[in-house]
Amino acid sequence: MSLTGAKTAEGLSLLPLRLMTLMNGLVITGYLGLLFAGNAEIRPGALTTVLMLLPAAAVIPGLWRGHYKTMVWAALFELFYLLVASTDAWAEPADRGWHLLIAAAATVGFLAAWWHSIKRRRLLKARRA
């Protein structure tokens, strides 16, 4: 399946959703990096890391297929990851790089969702007119 040529059910490009999928992968990579390579004295344990990764991993199949409701849920999760990562980056300087990676990925993922939602709203509005 082509990255740029694939379309959703509404006929929109899947590129923003694929970008969100990539960003969720970076969020997962960031949390795994914290688990295995973190330098802080207090790091999240394996159970906490798994619980943080479940939402990011659960939405990947739906995002890849272009489901709109999954994209909305993924955008909400991205805001949660942005909140947690920015708070942890402020509080824990030893692992600031991992937290900033997670925060940057969450920000790009949310902006991709916003971009897709604006395009979808414009398309549906034009169809009604």
**Request:** List the GluC sites (Glu not before Pro) within the range 1-83 that fall in a DSSP loop (any state other than H, G, I, E or B) and whose Cβ has at most 16 other Cβ atoms within 10 Å.
**Result:** GLU10, GLU41
**Fill in**
Once phi for every residue in the range 51-61 is put through the Karplus expression 6.51 cos²θ - 1.76 cosθ + 1.60 (θ = phi - 60°), the whole-Hz ³J(HN,Hα) values, with Gly and Pro written as x, are 5, 6, 8, 4, x, 5, 6, 5, 8, 4, x
**Complete:** Rounded to the nearest 0.05, FRET efficiency between LYS7 and LEU79 (Cβ-Cβ, R0 22 Å) equals 0.25
**Fill in**
Rounded to whole Å, √(5λ) for the Cα gyration tensor eigenvalues of the range 1-122, largest first, gives 29, 13, 11
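Each reported figure results from applying straightforward, stated rules to the coordinates on display, with no laboratory input. The structure presented is a predicted model; accordingly, all values stated were derived computationally and were not measured. Heads up, the Cβs are rebuilt from the backbone with ideal geometry, glycines too, and the neighbour counts pull from every protein chain shown.
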